[in-house]
Amino acid sequence: MSKKSAIILIIIIGAFALYNNISWFMKYIYPLKYEESVIRYATEYNVDPYLVASVIKVESNFSPKAVSTQGAIGLMQLMPETALWAAEKIGIQNIDISDINNPDLNIRIGTWYLASLLNEFDDNIILALAAYNGGRGNVAEWQAQGSFEEKTIDEIPFSETRNFVAKVIKSYKWYKRLYKL
């Protein structure tokens, strides 16, 4: 099948889905894999499971072997130093960088880290997500400089972080609409 034919087919399927029942098509676009781990660790660390799924969707599109150009690893795209630090904080001993590719462990560490950011930034999802992507130190600096006063996505100084937060928020809305967790 040519690229043009594939695009036309996707448009036809999308139009059919919109006309009939958007749910099955949108679940294809917003899959929910590793649901048991997402729910388990979201519950354990008191984070909305829809938010965890949204971070995974945007970070890796549920690919456990994903590696970013900056070296972030796995489903939740954890930087090795952050993953090792977080693992130590939650009592995981003898962890190796290659272990971070394990989906369950990656979700556990990433969810704990997200929970710690939500706690640090008073449950402000925009700030926590900006810190998840752009670094907690940068977010604290933006706040101290007054360049992030309204705490809206548009105020985020880094375009990559701004785009990340916007995508996660969009996914978050869809996951809450599509799934019953």
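So, of the residues in region 167-181 that are assigned to a helix (DSSP H, G or I) and either in contact with a His (Cβ under 9 Å, 6 or more places away or on another chain) or open to solvent by 40 Å² or more (accessible area, probe 1.4 Å) (or both), which turns out to be nearest to I29 (Cα to Cα)?
Applying the filter and picking the extreme gives W174.
What is the number of the single condition among (1) open to solvent by less than 20 Å² (accessible area, probe 1.4 Å); (2) touching a residue at least 60 places away in the same chain (Cβ under 8 Å) that I39 does not meet?
Of (1) open to solvent by less than 20 Å² (accessible area, probe 1.4 Å); (2) touching a residue at least 60 places away in the same chain (Cβ under 8 Å), only one is false for I39: (1).
Do we find that F164 is part of a loop (DSSP other than H, G, I, E, B) and open to solvent by less than 30 Å² (accessible area, probe 1.4 Å) in this structure?
Here the answer is no, as F164 does not meet what is asked.
Just wondering, is there one or more residues in region 147-170 that are within 16 Å of V38 (Cβ to Cβ) and under 15 Å from the mean Cα position of the chain (by Cα)?
yes
Failed condition for S68, given (1) surrounded by fewer than 16 Cβ atoms within 10 Å (Cβ to Cβ); (2) out of contact with any Asp or Glu (no Cβ under 9 Å at 6 or more places or on another chain); (3) among the small types (G, A, S), with all others met?
Tallying (1) surrounded by fewer than 16 Cβ atoms within 10 Å (Cβ to Cβ); (2) out of contact with any Asp or Glu (no Cβ under 9 Å at 6 or more places or on another chain); (3) among the small types (G, A, S), S68 fails exactly one: (2).
Identify the single condition in (1) closer than 21 Å to K167 by Cβ; (2) out of contact with any Gly (no Cβ under 8 Å at 6 or more places or on another chain); (3) outside any loop (DSSP other than H, G, I, E, B); (4) among the hydrophobic types (A, V, I, L, M, F, W, C) that W24 does not satisfy, given that it satisfies every other one.
Result: W24 fails condition (1) only.
Scan I56, I95, I73 and give me the residue that is β-branched (V, I, T) and more than 13 Å from the chain's Cα centre (by Cα).
Exactly one residue qualifies, and that residue is I95.
Of everything in region 140-161, what is assigned to a loop (DSSP other than H, G, I, E, B), surrounded by 15 or more Cβ atoms within 10 Å (Cβ to Cβ) and of a type outside the set (A, V, I, L, M)? Give them in sequence order.
F148, K151, P157, F158
For residues that are open to solvent by 90 Å² or more (accessible area, probe 1.4 Å) and either at pLDDT 75 or above or touching a strand residue (DSSP E or B) at 6+ places or on another chain (Cβ under 6 Å) (or both), tally how many sit in region 1-11.
Count: 4.
Can you name every residue in region 80-96 that is of a type in the set (A, V, I, L, M, F, W, C) and open to solvent by 60 Å² or more (accessible area, probe 1.4 Å)?
Within region 80-96, L84, W85 qualify.
Starting from region 150-163, take each residue that is among the hydroxyl-bearing types (S, T, Y) and list its partners that are part of a loop (DSSP other than H, G, I, E, B) and at pLDDT below 90, counting only C-beta distances under 7 angstrom and pairs at least six apart or across chains.
Going by the 7 Å Cβ cut-off, there are no qualifying pairs.
Return the total of residues in region 120-139 being buried (at least 17 other Cβ atoms within 10 Å of the Cβ) and in a helix (DSSP H, G or I).
13
Among the numbered criteria (1) surrounded by 21 or more Cβ atoms within 10 Å (Cβ to Cβ); (2) in contact (Cβ under 8 Å) with a residue 60 or more places away in the chain, which single criterion is violated by Y113?
(2)
The values are calculated or read from the model by the stated rules, or taken from the named source; none is laboratory data. Owing to the predicted nature of the structure, the values given are computational and were not obtained by experimental measurement. Cβ sites come from the backbone with ideal geometry, for glycine too, and all protein chains shown count toward neighbours. These area figures cover heavy atoms from the full protein model, side chains too; ligands, DNA and RNA do not enter into them. Shrake-Rupley method; radii C 1.70, N 1.55, O 1.52, S 1.80 Å.
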